[in-house]
Amino acid sequence: MNKILALLKKLWQAVLNFQYLETGKRIMLNIGNFLHTLLFKILLPKRYRSLTKKEIYTIIFKSDTPAGKRFDIWLLVLIFLNLILMLVDSSPSITGHVSTILKTVEWIFTVVFTFEYYLRIYCLKKPAKYIFSFYGIIDFLSIFPAYLSILFPATQTLTVLRILRTLRVFRIFKQEKFIREGQHLLSVLRNSAYRILIFMLFTFLAAVILGAVMYMFENGKNPQFAHIPNGIYWAVVTITTVGYGDVTPVTHAGRFISIVVMLLGYSIIAVPSGIVAGETIREGKKRDEEKQRLLEQSSGDDDDEADVLSTFETEEIEIKRCPHCGHEEDNPDAKYCNRCGTRLISTERHGFFHQFFS
């Protein structure tokens, strides 16, 4: 017995002493070396094998260059084609050789997106900033489910997350009107988030209480209310006015509670809409007040006033831009890029939403 305990102790100590981080780094390094060799030695045409990191970065990240814009447009085309193949392949009528061909093409798309993700990491000085950024996470989630499906086939469906990558369409085609309106919408949702969360919490608590009360009246008389979770399910369905009808009360007290809950549901639905509408109005007033303040601070000259108004409507702000990775920093005190660590230079671009899609 003592020998077994000693052996278990040694095994546990070995587990504790195992260098997980270093092992993970070595594994990722080997994967990167494999992808690099496969891409630059075999798959890429010879004229592209000598591209520098700076040139790759310009093509992949700089949509305001001809090469970068072409790259992003073709990337969007591949994403849409891949999604169409997924939708077709999910049909039960697709079987045999056709299904095999479609799955093979889907894997070809996955390999292409994998190499594209690797190149995005490869051309950056500090790739961790991209990997853990919004678009970095989206890019990873667009390819990871395909490889996870080797072990869990059902996760293949999650590759539909690739459609989120089409958000870059605003950045590619520079739709400033949509960007500005999107900025206002984000601001409204951000300001409303806490109130909506509190409202949802109280709604959930009300559903739990109403479900328990319904269980008290219906238990023993209605097999559909065999336990409180069934009552909570009924309360949620009734409050939201969905009304599946699969769980219904049979007692008079239960039906009276149903009437109260259904009327309550219509009242509750209007609350989130009112919160968002109120924030939208408040945001518009805030914007008008800021515009008026800028106009009042101007010298009174017509040209200066027009410049101030134009500047406000296009929401141009002084920000700093990284000359290496192109990241734009709103913080005026920032001196170094928080993505790759390169010293920042001053520039002038559109506001937060434009940076969000950069």
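The values are calculated or read from the model by the stated rules, or taken from the named source; none is laboratory data. Nothing here was measured: the structure is a model prediction, and the numbers come from that model. Reconstructed Cβ throughout: ideal geometry from the backbone, glycine too, with neighbour counts over all protein chains shown. Heavy atoms of the whole protein, side chains included, go into the accessibility calculation; ligands, DNA and RNA do not. Shrake-Rupley method; radii C 1.70, N 1.55, O 1.52, S 1.80 Å.
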Among THR95, PRO45, TRP74, which residue has its Cα positioned farthest towards the positive end of the charge dipole of segment 41-102, with +1 placed on the Cβ of Lys and Arg, -1 on the Cβ of Asp and Glu, and the dipole taken about the Cα centre? PRO45
Ignoring ligands, DNA and RNA, what percent of the accessible area of segment 48-158 is carbon or sulfur (1.4 Å)? 76 percent
Starting from 0.36 nm per residue, how many nanometres of slack lie between ILE209 and PHE40 once their C-alpha separation is accounted for? 54.5 nm
Would you list which lysines come within 27 Å of LYS69, measuring only between C-alpha atoms, while excluding same-chain residues fewer than 8 positions from it? LYS41, LYS46, LYS53, LYS54, LYS125, LYS126, LYS129, LYS174, LYS177, LYS320
Over what distance in Å are the Cα centres of segment 52-107 and segment 205-265 separated? 48 Å
For segment 1-156, with +1 on Lys and Arg beta carbons and -1 on Asp and Glu, the positive-most of TRP12, VAL111, PHE134 along the dipole: TRP12
Report the accessible area of HIS184, computed with a 1.4 Å probe over the heavy atoms of all protein chains in place, in Å² rounded to the nearest 10. 40 Å²
Per residue, how large is the accessible surface of segment 34-193? Use a 1.4 angstrom probe and give square angstrom. 59 Å²
Under 5 Å between amide hydrogens, which residues at least 5 positions from TYR336 or on another chain qualify, with H placed 1.01 Å from N in the peptide plane? LEU344
HN-Hα J in Hz across segment 71-81 - Karplus 6.51, -1.76, 1.60, θ = phi - 60°, x for Gly and Pro: 4, 5, 5, 5, 5, 5, 4, 4, 4, 5, 4
Show ARG339, ARG47 ordered by accessible area, largest first, where the area counts protein heavy atoms only and the probe is 1.4 Å. ARG47, ARG339
Ignoring everything but the protein chains, give the 1.4 Å probe accessible area of THR58 in square angstrom, nearest 10. 50 Å²
